[in-house]
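In what follows, a structure is listed as structure tokens, so that the remarks can point back to it.
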Amino acid sequence: MYHTIAEVKKANKAIGHKWFSPANMRFFKTHIVKGHYSGRLIQSRFFITSDDVWGLGRRYIIRAALDNGAVETASETKFMSWQVAEEIAKKLKTESSPCANCRKSTYNPNFTCDDCAGDARLASSDW
């Protein structure tokens, strides 16, 4: 379990991954969003990044720091604001489970992955 982005970066580097390397961050134009958490993880698992790979403007993505030091995308949705991404991250489960429909890994509390849930989940009151 981690508490800060610095701890995740250290663990990621220790397992030989380069998720936070300057070259990768520069290539994907990735920034770690501090938001209201100011470098701390949401639920000791999630953090928000902003990317602008194709020059379409910044999009915000929820990432999960795994116990082994790896980083994965917790939600394929690319949010328009970090505030929305942060609110969704607070509602995610801290452990992934298989999607009830397609068995893809998901952190959604309704056990439905982004692909199966579609955009309706953003309007749902239980998200």
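The values are calculated or read from the model by the stated rules, or taken from the named source; none is laboratory data. Owing to the predicted nature of the structure, the values given are computational and were not obtained by experimental measurement. Counting neighbours? That spans all protein chains shown, and the Cβs are built from the backbone with ideal geometry, glycine included.
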Check your understanding: Does any residue in segment 74-94 that is within 13 Å of Arg63 (Cα to Cα) come within less than 6 Å, Cβ to Cβ, of a residue that is among the polar types (S, T, N, Q) six or more places away or on a different chain, and which pairs are these?
Key -> Thr94/Gln43
Study note, to complete from the structure: Among Thr49, Thr77, the single one that is of a type in the set (Ser, Thr, Tyr) and in contact with a strand residue (DSSP E or B) (Cβ under 7 Å, 6 or more places away or on another chain) is Thr49
Review point. Only one residue in Thr112, Thr77, Thr73 is β-branched (Val, Ile, Thr) and at pLDDT below 80, so which one is that?
Key: Thr112
Check your understanding: If you check every pair at least six apart or on different chains, which have Cβ atoms under 6 Å apart with a residue in segment 18-40 that is within 21 Å of Gly57 (Cα to Cα) first and a residue that is modelled with pLDDT under 95 and exposed (fewer than 12 other Cβ atoms within 10 Å of the Cβ) second?
Key -> Phe28/Val53
